[in-house]
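J.: Below: one structure in structure tokens.
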Amino acid sequence: MRLLRRVIAMRELPRDILIEVMEDVIEDLHGHVHRVSDLAVSMGSGLGLDDSERELMNRHPELGFAMTRNRLDPKVAEAILYHHERFDGMGYPFGLVAEEIPILSRIILVADAFDAMTSTRAYQAALPAEFAIAEIRQHAGTQFDPQVVAMFLELAAVNRLPLELTA
């Protein structure tokens with residue numbers, strides 16, 4: 001968290017700091033993401049959600065922000081709010097584009113995607129890291145910020161991605 005606060009205070013992100021933040025974010029997301037997504041998918045599948053109910057589930061970034069905005073650093077709460085925004089503007093909840101999305105949210109989006117693909121979930125077995133890396137590379141500039149993907153690929157190139165985390 002100290003590293004995250006250092007980065008929040010900076011307008012430009014040097015490569016080494018961005019790499020450290022990505023490593024921290026990937027590790028921090030692991031347990032939480034698994035528990036929440038597994039539970040939500042299991043519950044949603046079992047209950048047969050309709051479109052409006054699925055839309056409500058997609059509001060979890062807003063709900064997370066509301067729950068944390070007075071408890072966490074404002075930039076961290078903001079990162080939670082925008083962590084499903086896509087670089088091309090096709091994300092949610094607001095459809096922000098490129099630099100409109102806070103850098104921390106863009107980092108979390110890449111880390112979360114990697115974690116989701118390489119972890120066993122209620123709805124899918126873990127995919128190989130190589131597949132996840134290729135998917136992230138393929139979607140640089142559309143789903144993901146190309147600069148963040150470049151840093152992610154640097155981590156992958158030097159085997160600094162956490163591939164065997166446990167929840």
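The values are calculated or read from the model by the stated rules, or taken from the named source; none is laboratory data. Since we're looking at a predicted model, the values are computed, not measured. With ideal geometry, Cβ positions are generated from the backbone for all residues, glycine too; neighbour counts draw on all protein chains shown.
J.: Just to be sure before I move on: is Ala132 within 19 Å of Leu161 (Cβ to Cβ) and touching a residue at least 12 places away in the same chain (Cβ under 8 Å) in the structure I sent?
T.: yes
J.: If you check every pair at least six apart or on different chains, which have Cβ atoms under 7 Å apart with a residue in the stretch 146-167 that is under 24 Å from Glu99 (Cβ atoms) first and a residue that is at pLDDT below 85 and part of a loop (DSSP other than H, G, I, E, B) second?
T.: Note: pairs meeting the criteria are Leu155/Leu161.
J.: Still on this structure: Residues in the stretch 132-145 that are under 16 Å from Glu100 (Cα atoms) and of a type outside the set (Phe, Trp, Tyr): how many?
T.: 4
J.: Related question: May I ask you to verify whether Ile80 is modelled with pLDDT under 65, assigned to a helix (DSSP H, G or I), in contact with a helix residue (DSSP H, G or I) (Cβ under 9 Å, 6 or more places away or on another chain) and closer than 27 Å to Ala140 by Cβ? First the steps, then the outcome.
T.: Numbers: modelled with pLDDT under 65: no; assigned to a helix (DSSP H, G or I): yes; in contact with a helix residue (DSSP H, G or I) (Cβ under 9 Å, 6 or more places away or on another chain): yes; closer than 27 Å to Ala140 by Cβ: yes.
Here the answer is no, as Ile80 does not meet what is asked.
Residues checked against (1) exposed (fewer than 15 other Cβ atoms within 10 Å of the Cβ); (2) at pLDDT 70 or above; (3) among the hydroxyl-bearing types (Ser, Thr, Tyr):
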{"site": "His34", "(1), (2), (3)": "no, no, no"}
{"site": "Met43", "(1), (2), (3)": "yes, no, no"}
{"site": "Gly46", "(1), (2), (3)": "yes, no, no"}
{"site": "Asp50", "(1), (2), (3)": "yes, yes, no"}
{"site": "Glu55", "(1), (2), (3)": "yes, yes, no"}
{"site": "Asn70", "(1), (2), (3)": "yes, yes, no"}
{"site": "Lys75", "(1), (2), (3)": "no, yes, no"}
{"site": "His84", "(1), (2), (3)": "no, yes, no"}
